[in-house]
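Please treat every number below as a calculation from the coordinates, not as lab data. Just so you know, these numbers come straight off a predicted model, no measurement behind them. Every residue, glycine among them, receives a Cβ derived from its backbone with ideal geometry; neighbour counts consider all protein chains shown.
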Amino acid sequence: MASQRHMLEQVVVYLAGDSGDGIQVAGQQLTLSSAVAGNDVHTFADYPAEIRAPAGTTFGISGFQLRFAADHIHTVGGSCDVLVALNPAALVVSLPALKEGGILIFDTDKNTERDWAKAGASPSQLEALEARCRVVGVPLSRMTLEAVSTHGLSRSQSRRCKNCLVLGMLYWLYDRPLHHTQAWIKERFAHDPALQQGNLTALQAGYTLAQNGEWFPNTYRVAPAVFEAGTYRSVTGNQAAILGLLATASTQERNILLAGYPITPASDLLHQAARHQEHGITTFQAEDEIAAMGAVLGAAFGGHLGVACTSGPGLDLKQETLGLGVMAELPAVLWVVQRAGPATGMPTKVEQADLNAACFGRHGQAAVPVLAPATPSDHFAMMQHALTTARERMTPVIVLSDGALAHGAEPWRLPEQPIVAVPAAPNSTPPEPWLPYARDPKTGARPWVPAGTPQGAHRIGGLEKTPETGAVSSQGVHHETMMRQRRHKIETDPQRYPEPWWSGPERGDLLVIAWGSTYGVVQEALRRCNAHGIVASHLHLRTLWPIDPGLKTKARSFQRVVCVELNEGQLCAILRAQWLLPIEAITQTQGQPFSLEVLWAALEVATCQA
Amino acid sequence: MSGMNKKDFETQQEVRWCPGCGDYAILAAMQKMLASTHQDPDQVVFVSGIGCSSRFPYYMNTYGFHTLHGRAPCVATGLKLMRPELSVWVITGDGDGLSIGANHLVHLLRRNVPLKVLLFNNRIYGLTKGQYSPTSPEGTTSKSSPAGSWEHPLDPCSLALAAGATFVARGIDVDSQLPAVLQAAQEHPGAAFVEIIQNCPVFNDNAFVAVRDKAARASHVLPLVHGQKMCWGQDNQQGVRVKPWVWEACDPLHASVHDQNNRAQAQMLLVGEQAGDVPFWTGVLYQEQRATPPQAPERKRDVLQVLLQEGQAWQVAEASSP
């Protein structure tokens, strides 16, 4: 049927279904096709800790939010324009996200009393929705089975093509090209021609059915955003981190070790790195979290850089080994994808509450540099900075990513100069005179003479040392001297650490300090502040320890300083202690990113009080 | 390296074990073996955990890393994976290797990472001043078990064999055969596990008096030699015969031949020893050849741009820019 194509500035789509419905995959494909069509995109994956929770129950719902726009955007947006709910449980869980007057696409084959009962609701709820939004009931399950019936798939295989049918519909609704997803299906199911054909057919069928059915009188188009010319790809934080690792590996003669123990949401780093053994990366799946960190120190003793990747409880378990790295003064990177804690907490939900553990989590005076990427694509540079910092200062370095950054995707223009930092190779011969703990006068770092270096045999360990020689010592004066030297080499030259991102004027009403995944939402809140006549700036820290003392002067040029973070005010407390300024905390700990509305409301209150 | 002698492996560091500690003899045996096999000190690494035994690396003029309690296998594994050409030894004890670090020990042996593990077993925690350990026999009185320990001890070699170790051996600190056992471990292409009976004269003196005392040893120890009959005692007047699920004392004529490649026989000897029917054995109990961690594949270079575009990249042309 003929339909009218309306131009929109932006669209927010939310896909929700059982954890086995292929929601995440469909979301990623819709993201890629939107990016290829020229839109700016932002995504957020909200999935359950259960792998395959009982079908149709509310606790097993997997969600994926995508925002695509004709202008540059920094967040996944607030409430959604279209919600695809593959069963009543998905509808019940996700409905609050749908905006008034939005489109609800619902699988009418899942509209039975039983389906609704599993969701703890009744079918009457759907009718009640008619007043609030436009309900588009489509027999998605039946249509999928019919569409793929000729490909010889089992019933369960056929059902799993449903996500492609839904994608096809959305592609027609928003004028997206099919070919990228078609290419992906061909590659993904190359080993199984029947599944390949089934998914291709379902995709095309969804598109055609949407075009010919009467469900969508209007279709929409979001014009391409203006991007700088160049080659683009979509990256998640985890992908960008591994690409950064590959970039550093390409500068090194020696392989880099990536060691991990399976843990959500960091395992993905191990999976991706494992595919790149030919590109200067060696991966090791350790028997536990402690062993992964220990292996990285062992590699460092042998002259190889290494990265351990973990999340939540893994950070706790690695602390003692990090302390050994501090004491022995070996380069190592610990990459932490933060999740809601403590203990098992909410493994798949986002939080930024590991800052205190990263800065202060070890016994003794054991500071290490703590870095944090601000966006998914910033993970690329941050991995290179982390490895270079570890080498330059001969210390473990902690990087705090989080679940929203690690799995969030954005378009990324490939840099013309991908190498942003190069760690120096270890010493090829011991320096003269050979003193394992003599320090570089500029950096304060000790020499790196790997095991196996001729004439370099020496012993290191976790016991306190005599300055310069490194011989074991329990003299108080040696301990104090070495402790000061270890601290000095971390604190010296703060400008050599990844620089903060600053936006806005140098003085004004309000300074918002933030770190990590809150970057986007703070940027959007800043726009709104400016629109309301509030002179506001945004300081986004990418180095969290040590805190550059020079930033204090900048902060003092504002009437009010607030710290926005997904914890109970950890950075705020650190800054208050360091700067003695009355900084206020705006916090949230619900396992979800800040929404613009919530943040804006908090900022407005803060400025009104100013 | 030719013309090496024991002194080449000694450090300036004053050795600080208690007088009479078995560790001195083990240190000397190791230094002697490395010299006699012409090892380059710069190619040898000792990695240790925490405990009396773990001070060992400080006294070896090689590379050394004194790590964390129980974690030496982790550090050594990372090192060996990246630097397979180095000779890497793990020094541990019954507390370090079988209590806090047992997990790592099991996985090191299972993976067959070509590390040489020396577990000094003195059946007591020495550095923390005398608590019972995972190898202390039931009834051991110690500071933490004044009424005698109720816990059943663990047999290190049984654990190693069960973990899939490809080399299991045992030696005694003061036994002149110890360097030969260490050398066999050094030459084994995979992970080697050696339990070394070590006397703690301060907290658990004479725990092994029957097998450690030179005079007693002859009548209490069965020295295993591959391809030779398992005979022992004064003038080798006693033997051990192993048949499937049976072991028995016998005369030397009927003694079984020790086959260090026979896993079933190794298990039988361990079980027999626990039952008290087989004497305390020393030497190489078991050895097999199994794959070690693979070498890194050949490096592909100049592919960074290709890798960055992996997935689905797209172009934004000049024309669409402002």
Could you check the stretch A:588-606 and list, in sequence order, the residues that are under 19 Å from the mean Cα position of the chain (by Cα) and not aromatic (Phe, Trp, Tyr)? A:Gln588, A:Thr589, A:Gln590, A:Gly591, A:Gln592, A:Pro593, A:Ser595, A:Leu596
Within the stretch A:286-307, is there a residue that is under 17 Å from the mean Cα position of the chain (by Cα) and either more than 27 Å from A:Gly408 (Cα to Cα) or surrounded by fewer than 24 Cβ atoms within 10 Å (Cβ to Cβ) (or both)? no
Answer with yes or no whether A:Pro177 is touching a residue at least 24 places away in the same chain (Cβ under 8 Å) and over 26 Å from A:Ala55 (Cα atoms). yes
Scan the stretch B:203-215 residue by residue and report those that are within 23 Å of B:Leu154 (Cβ to Cβ) and either touching a helix residue (DSSP H, G or I) at 6+ places or on another chain (Cβ under 7 Å) or of a type outside the set (D, E, K, R) (or both). B:Phe203, B:Asn204, B:Asn206, B:Ala207, B:Phe208, B:Val209, B:Ala210, B:Val211
Filtering the stretch B:2-44 down to residues that are crowded, with 18+ Cβ neighbours inside 10 Å and acidic (Asp, Glu), which residue is farthest from the other protein chains (Cβ to nearest Cβ)? B:Asp23
Positions within the stretch A:554-573 being more than 23 Å from the chain's Cα centre (by Cα), under 16 Å from A:Gly516 (Cα atoms) and part of a helix (DSSP H, G or I), in sequence order: none
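Matching residues to (1) within 11 Å of chain B (Cβ to nearest Cβ); (2) more than 22 Å from A:Phe68 (Cα to Cα); (3) not hydroxyl-bearing (Ser, Thr, Tyr):
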site	(1), (2), (3)
A:Asn218	no, no, yes
A:Val235	yes, no, yes
A:Leu246	yes, yes, yes
A:Ala266	no, yes, yes
A:Gln272	yes, yes, yes
A:Thr282	yes, yes, no
Top-ranked residue of the stretch B:56-112 - restricted to ones that are more than 8 Å from chain A (Cβ to nearest Cβ) and among the acidic types (Asp, Glu), ranked as farthest from A:Leu258 (Cα to Cα): B:Asp94
Across the stretch A:526-551, what is the number of residues that are out of contact with any Gly (no Cβ under 7 Å at 6 or more places or on another chain) and in a strand (DSSP E or B)? 6
How many residues are in contact (Cβ under 8 Å) with a residue 24 or more places away in the chain and out of contact with any strand residue (DSSP E or B) (no Cβ under 9 Å at 6 or more places or on another chain) when one looks only at the stretch A:557-578? 1
Answer yes if at least one residue in the stretch B:95-111 is in contact with a strand residue (DSSP E or B) (Cβ under 7 Å, 6 or more places away or on another chain), surrounded by 24 or more Cβ atoms within 10 Å (Cβ to Cβ) and assigned to a strand (DSSP E or B), and no otherwise. no
With the condition kept exactly as written, say whether any residue in the stretch A:444-457 is assigned to a strand (DSSP E or B) and not small (Gly, Ala, Ser). no
B:Ser48 being under 21 Å from A:Val326 (Cβ atoms) and within 17 Å of the chain's Cα centre (by Cα): yes
Number of the condition not met by A:Ala26 [criteria: (1) closer than 30 Å to A:Ala266 by Cβ; (2) in contact with a Cys (Cβ under 9 Å, 6 or more places away or on another chain); (3) among the hydrophobic types (A, V, I, L, M, F, W, C); (4) part of a strand (DSSP E or B)]: (4)
Single condition A:Arg221 does not satisfy, out of (1) of a type in the set (D, E, K, R); (2) closer than 30 Å to A:Ser141 by Cα; (3) surrounded by 21 or more Cβ atoms within 10 Å (Cβ to Cβ): (3)
So which pairs qualify, if the first residue must be in the stretch B:70-96 and over 17 Å from A:His304 (Cα atoms), the second must be in a helix (DSSP H, G or I) and among the hydrophobic types (A, V, I, L, M, F, W, C), the Cβ gap must be under 6 Å, and the two must be at least 6 apart or on different chains? B:Gly70/B:Ile100; B:Pro73/B:Leu105; B:Pro73/B:Leu108; B:Val90/B:Ala72; B:Val90/B:Ala76; B:Ile91/B:Phe56; B:Thr92/B:Ala72
